Amino acid sequence: MDPVASDGLRARPGRIWTVEKLSYLEKYANAFTTAMREKWERLVYIDLLAGPGRDIDLETKKEFDGSPLIALNTKPQFDHCFFGDKDRRNVDTLKKRIADSDRMRASVEVGDCNVLVDKVVQQLSRKTLGLAFVDPEGFEVDFRTLRVLAKRRIDVLYWFPSGIAIRRNLKNFMTVKDSPMERFWGRDWRQLPIAKWAAGDVVPDEKIEKSIVAEFLEDVAKAGFEFRDELAPPFANTRNAQMYHLLFFSHDQLALKSGRASRKSRLVGNAPSVE
């Protein structure tokens, strides 16, 4: 059963790393609109895995704004926010959480992110700069979606499942012709060190973890994003098993510098440990 927030509406379950992840989004979104407000005709935000707009930490029961409400509360404001979710219940709930004063600059649709992205990008003029937050739970974002985003001037914050999520599923993916991994990576991934590990070869953990992110970033460059980086250190659980990387893609080197500045302002000590 989904958790219920204090406003009586459904919420998305979260963990300690969810708060940290969203803090990067908030920091970068505010830096983004502040730096670019006078340089572009329109600034837009894109979040096609938006959820219901409110999260709850399952352990502490603490509530916090999800990515859509963070985007709507960004100052200076985005001119428009495009939200989507495959779950109609999330869409209906998010619509209820959007303030009346923000309804004219928010679009909320039901649909697969890999389909909605075409419709959104087609609406963006060459005088529009976008920020897309890509936050999958697993492998539901096709690599093609990144290629579509790369057709316009859009910065991307990508919550990349670099560790446990891939390891848990890869052995099953090896035996499936059209597995989610094919669409997620966008090419034959079976020569990656992590794929060789899944096939039974002995591969050092550090080589697996380093190579999967590095090779994904190389493919992102081929998709059209010239500038890429890790915006945060890898997130690991209490057993020190790697879980996620927060990646950043852009067409602009200045945006990359801004992303790195956001990283430095957030980091204290080592990568956060989570359950």
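The values are calculated or read from the model by the stated rules, or taken from the named source; none is laboratory data. If you're wondering where the values come from, they're calculated on a predicted model, not measured in any experiment. Here the Cβ positions follow ideal geometry from the backbone for every residue, glycine too, while neighbour counts run over all protein chains shown.
Details
- Whichever residue in the stretch 1-32 is hydroxyl-bearing (Ser, Thr, Tyr) and either without any contact (Cβ under 8 Å) to a residue 60 or more places away in the chain or touching a Gly at 6+ places or on another chain (Cβ under 7 Å) (or both) and, among such residues, is farthest from Phe78 (Cα to Cα): Ser6
- Filter result for Val220 (modelled with pLDDT of 60 or more, of a type in the set (Val, Ile, Thr) and touching a strand residue (DSSP E or B) at 6+ places or on another chain (Cβ under 9 Å)): yes
- Considering the stretch 112-175, the qualifying helices (runs of 4 or more DSSP H), each wholly inside and each with 1 or more residues that are out of contact with any strand residue (DSSP E or B) (no Cβ under 7 Å at 6 or more places or on another chain), of a type outside the set (D, E, K, R) and within 20 Å of His80 (Cα to Cα), run over 113-122, 143-149.
- Leading residue by the ranking (modelled with the highest pLDDT) among those in the stretch 5-21 that are assigned to a helix (DSSP H, G or I) and aliphatic (A, V, I, L, M): Val19
- Selection within the stretch 1-25: residues that are surrounded by fewer than 20 Cβ atoms within 10 Å (Cβ to Cβ) and of a type in the set (Val, Ile, Thr). The member of this set that is farthest from Ala132 (Cα to Cα) is Val4.
- Taken over the stretch 168-198, the residue count meeting the criterion of being closer than 16 Å to Val213 by Cα and among the β-branched types (Val, Ile, Thr) is 1.
- Any chance Asp112 is at pLDDT 95 or above, within 17 Å of the chain's Cα centre (by Cα) and of a type outside the set (Ser, Thr, Tyr): yes
- Ala99 of a type in the set (Gly, Ala, Ser) and crowded, with 17+ Cβ neighbours inside 10 Å: no
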